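> Submitted below is the structure of interest, expressed as structure tokens.
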Amino acid sequence: MRRFDPIPGLGLTPRLLTVAACLLLVLPHIVVALVSVDPSPAAHFPPQGFSFKWYLNAFTRPAFREALGFSMLVALGAAAIALVAGTLASWFIVRHRFPGRGLVVTLLQLPMMIPEVVLGLGFLILFARAQLYASVLNILLAHAVITLPYAVRVISANLQTTQRSLEEAALVLGAGPLRTFWKITLPVIQPGMIAAGVFAFVVSFDNFTVTAFLVTTRGTLPIEIYSYIRTESDPTIAAISTVLILVSLTGLLLVERLVGFGRITQGGGLDK
Amino acid sequence: MPRVRPVAWLLMLPAALILGLLGAAVSSMVAVSFSGAEGWLQYYERFLGDPTYLAYVWRSFRVALYATALTLLLGYPVAYVMTRATPGWRRIITFVLVLQFFSVNVTRIYSLILILGNNGVINRTLRDLDLTVAPVRMIYNELGVSIGLASAALPFAVFPIATVLGRIPPSLREMALTLGASRTRIFWKVIFPLSAPGLLASVTVVFLYSLGAFATPLLLGGGFVDLISVFAYEQAINLNAYGFAAAGALVTLALAFLAVYAANRAVERWVKLA
Amino acid sequence: MTKSRLFGTALLLFGLIGGGAAAQAESLTIQTWGGVWEQGARAVGDAFAAKYGVEVIYEQQENTRLGIAKIRAQAADPQVDIVFSTADALEQAAEEQLLVTIDRAKAPNLAQLPDHAVRDTSIDVMNILFGFAFRSDLVPFPLTKWEDLADPRLAGQIASPTGQFSSGRWIIMAALIGGGSEHDIGPAFDFLAKVKPNISNFVATDGESVKALTSGEASVLAFGLLSDFASHLADGNLTFVIPTDHKILTTAVGVGMPNPKKAELALKFVDFIATPEAQTAYCGFITCTPSNPKASAPSSIDAFRPPAELLYRADWHVINAELPAWDDRFKKEIQTR
């Protein structure tokens, strides 16, 4: 057996704990996928039959459809804002040295260090004082704030690993800084931007806490799912969960193909 | 490195606007918290003077500590295994972790209810096997909330530790092995102290994340584990008491930053000693 | 941007603004709770829309308190024209001058309602009865009286409402069981302390209280609304009990008009929902007792016709003044481990 051991010379405890961790992360998805096809509203496991009716229920309920649209709108908008602001800011902090640079870098990461409940409450109070009651706009602005650090992290990591010589050559040859950025830098950091955009989208799409403080009448998908979980017991949410995890899986494989995990994990996204 | 021309600062404009929004939100929250009609400290006096409200703070800290401990108990070995495993296994583990990050948190909590609930997979199995009469309580308590938080926070804990562990030269371990040290001893005397900075980064992130959690305690706490977020939501949304909600949240935030700062100092000193 | 695209954008914007303006012509916004409550409101609202040729828009309130909080927040520029709420919440809103006065002369159908169901700014549409419920396939013995909730055999199997559930009525019921009332709340906490070891989790809303039992997460619900469970009683596994060994708690649900700008149309709706047809339809979904004596309650609650002398309406003045203190105490003594 020893020949097949992937990690020679490792004790039993870390192996067992790793297996436990992976089970904690993977098992729920499998259980949910199985429960989602159980025809009974009692959500049996293992399923006692096969039916797609909860999928049908999930897709035909206007509340979920509207919430999905709302979530997509907000997540796309927030990701776009974070991407533009994050790319420009990253270019500034990576390619320039100036007094107070450390402070600027820290400030750009600040939204990630403040517990979400404080952010949610802060935005609620800010918007109430400013008499802004437009749910979509408020949530979009708040999400732009919480997604910015992720965009900055991924793009700056990407910028740091790319060669500056090309940019310098372009500048020496007389191209203006803007033209250099547009023609040289941008194409080089494109994979990083894709990763950053996906990240910002996911962070916004998944957000619950900040959003919960800001919703008025229409909720995002996580909010709708939450209220359904609290009041209904049928496997509709299992169906939605399964669809979402399949979408995530596809998206993840796509990102992996396009830019590779290295960009996400080493690059900084998760490496808070 | 080009000199910073003043015009280059324009690059920061969009990000500055966004951060300005954050500044405005936090400062209006601070302002409201000091705007009591009966004196500027009114809300703080009320919050700090009543054990009912302080209980939210202690409960939040306790649950955040449990969740952090559980996350590290699972996350550290995962990071350790990742740095030692073959590239293939490392990819698989990374994939699992990133998938966790990419999945929607509320649906993950829902699946935990399906498994750990009073009528969940585990309890139904136990009942069907006639092993139990009353359900074994795995959610609707602080343990359940901690499990939920840990499962969400694992990716955030693993990567900083894995990064630091990856920087420790393997030769160090081999050298200690040839000198006759046991594996356990090498780990605790060499590897673990060297990974302290990554560990600290993980602790900070997971602790602050757990402290501000909202959906997890609401769904897995069963009303027994209301954290500071529940207090803030109830006061602000249900009772329109923005000032009081803000005071409570800010007290918790200040204590949390203090705790994180103290932990950082303590670990710094410990690393220097080691 | 080319000229034609600019033109297209302008046209689109114009269309949006124009569309928005068109939608504002004769519409009535109704705010109600979700679930069966929304179905009931829609049944009446859609019939109203058909009869008067107007558009009815439905907005959801998460719970009674939040619903009124929204009305309060919009006081300067009300967006809701009809609000469904409990009688005590409507009285509270009236005291804060959030509701328009009802002109009885222009609403002839209100004469059909009993006197106590028509107030200056709101009317009662139906009455709620409170009791407890359990899963007969999961409990160790069939419960019959309130004191059974404290039985040690039910350890860890009871879902309890929170202190704020239905504006503190679980606490008031506990007080009635212990020999007190909303004026003497002490006995409530003595009884609740006896139930506490049996509590598995807390539910804050109607929907959660139903789910606690249908999902099997709990086998007993300590306190709930008959309306919420009536549609489940036919399934066989669910039993609802209104014990008659103590007073029976009841409250009313009604409507008020928060928006002066739409008061005329809203008054037509108030008049409409007072009719026997509308109330029969409403209670058909919500399984309740209509306030109009000519309207009929669905047959599924025939078994629940408690003697009138046992019915108890708590004083909403006391509730509104004392609820925060009760809730604090509930959180400190009951909702903790």
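Readers should treat all values here as calculations from the given coordinates under stated rules, not as data from a laboratory. As the structure is a prediction and not an experimental result, all values here were calculated from the model. Glycine gets a Cβ as well: all are built from the backbone with ideal geometry, and neighbour counts include every protein chain shown.
> Pairing the Cα long axis of helix A:101-113 with the longest principal axis of chain A, what angle in degrees results, from 0 to 90 and rounded to the nearest 10?
Between the helix axis and the principal axis of chain A, the angle is about 10 degrees.
> Can you give the FRET efficiency for B:Thr132 and A:Leu12, using 1/(1 + (r/R0)^6), R0 = 35 Å, r = Cβ-Cβ distance, to the nearest 0.05? Display every interim value, and only then the final one.
Numbers: r = 30 Å, r/R0 = 0.85.
The pair B:Thr132/A:Leu12 has a calculated efficiency of 0.75.
> Right, another one. Roughly how many Å is it from the Cα centre of segment A:238-258 to that of segment B:35-87, as a whole number?
The two parts, judged by their Cα centres, are 31 Å apart.
> With equal scatterers on the alpha carbons only and no solvent term, can you work out the Debye log10 of I(q)/I(0) for the protein assembly as shown at 0.10 1/Å?
Taking Cα atoms of the protein assembly as shown as identical point scatterers yields -1.21.
> Treating the angle as unsigned and between 0 and 90°, give the value, to the nearest 10°, between the Cα long axis of helix C:316-333 and the longest Cα principal axis of chain C.
Helix C:316-333 sits roughly 60 degrees off the main axis of chain C.
> Which residue fluctuates the most in chain A, going by a Gaussian network model with Cα springs under 10 Å, if the choices are A:Val31, A:Val19, A:Val203?
A:Val19
> Sticking with this one: Segment B:1-89: which chymotrypsin sites (Phe, Trp or Tyr not before Pro) are DSSP loop and have at most 15 other beta-carbon atoms within 10 angstrom?
Sparse-neighbourhood loop chymotrypsin sites (Phe, Trp or Tyr not before Pro): B:Trp40.
> For chain A, just say rounded, prolate or oblate: build the C-alpha gyration tensor, square-root its eigenvalues into a ≥ b ≥ c, call rounded for a/c under 1.5, and beyond that prolate if a/b exceeds b/c, oblate if not.
Because a/c hits 1.5 or more and a/b fails to exceed b/c, chain A counts as oblate.
> Okay, moving on. Give me the percent of DSSP beta bridges within the protein assembly as shown that run antiparallel, rounded to the nearest 5.
For the protein assembly as shown, the DSSP antiparallel bridge percentage is about 60.
> Let me ask you something else. Under 10 Å, Cα contacts only: if you run a Gaussian network model on chain C, which one of C:Ala281, C:Ala93, C:Ala325 comes out with the highest mean-square fluctuation?
C:Ala325
> May I pose another question? Once the convex hull of the C-alpha atoms of chain B is built, how many Å³ does it hold per residue, rounded to a whole number? Mind showing how you got there, number by number?
On the way: hull volume 62.2 nm³, N = 274.
Once divided by residue count, the hull of chain B is 227 Å³.
> Assuming a ≥ b ≥ c are the square roots of the Cα gyration tensor eigenvalues, decide whether segment B:34-138 counts as rounded (a/c under 1.5), prolate (otherwise, with a/b larger than b/c) or oblate. Please report the intermediate quantities before stating the final value.
On the way: a/c = 2.84, a/b = 1.48, b/c = 1.92.
Oblate is the answer for segment B:34-138, as a/c is 1.5 or above yet b/c matches or exceeds a/b.
> Further question on the same structure: Go ahead and set up a Gaussian network model of chain C, Cα springs under 10 Å, then flag whichever of C:Asp124, C:Asp235, C:Asp271 fluctuates most.
Looking only at C:Asp124, C:Asp235, C:Asp271, the biggest GNM fluctuation is shown by C:Asp235.
> Convex hull over the alpha-carbon atoms of chain C: what's its volume per residue in Å³? Show your work: numbers first, answer last.
On the way: hull volume 57.9 nm³, N = 337.
That works out to 172 Å³ per residue.
> Then there's this: Holding the Cα-Cα limit at 30 Å, pick out from C:Lys247/C:Lys331; C:Lys247/C:Lys268; C:Lys145/C:Lys211; C:Lys70/C:Lys145; C:Lys70/C:Lys247 the pairs that are longer than that. Each step should come with its number before you reach the end.
On the way: C:Lys247/C:Lys331 25 Å; C:Lys247/C:Lys268 37 Å; C:Lys145/C:Lys211 22 Å; C:Lys70/C:Lys145 38 Å; C:Lys70/C:Lys247 33 Å.
Exceeds cut-off: C:Lys247/C:Lys268; C:Lys70/C:Lys145; C:Lys70/C:Lys247.
> Now a separate question. How far apart, in nm, are the 7 Å Cα→Cβ label points at A:Gln48 and B:Leu10?
Computed distance between label sites A:Gln48 and B:Leu10 equals 7.0 nm.
> Now a separate question. Over chain A, calculate the relative contact order: mean separation of alpha carbon pairs under 8 Å at least 6 apart, over the residue count, as a percent. Show your work: numbers first, answer last.
Details: 293 pairs, mean separation 81.8, N = 272.
Result for chain A is 30 percent.
> Over segment A:65-104, how many percent of alpha carbon pairs lie in each 5 Å bin up to the one with the longest distance?
Distribution as computed: 5, 21, 17, 15, 11, 10, 8, 7, 4, 1 percent.
> Rounding to the nearest 10 and keeping the result within 0 to 90°, find how far the Cα-based axis of helix C:276-286 lies from the longest principal axis of chain C.
60 degrees
> Mind checking which aspartates and glutamates have their C-alpha under 16 Å from C:Lys194, skipping anything on the same chain fewer than 8 residues away?
Filter leaves C:Glu147, C:Asp148, C:Asp151, C:Glu333.
> Here's something else I'd like to know. Which helices, counted as full DSSP H runs in chain B, have an axial Cα extent of no less than 27 Å and a Kyte-Doolittle average of 1.6 or above? It would help to have the intermediate numbers written out before the result.
Values: long enough: B:13-33 (29 Å, 2.01); B:51-84 (48 Å, 0.74); B:142-167 (36 Å, 1.41); B:242-273 (46 Å, 1.08).
Within chain B the helices that satisfy the rule are B:13-33.
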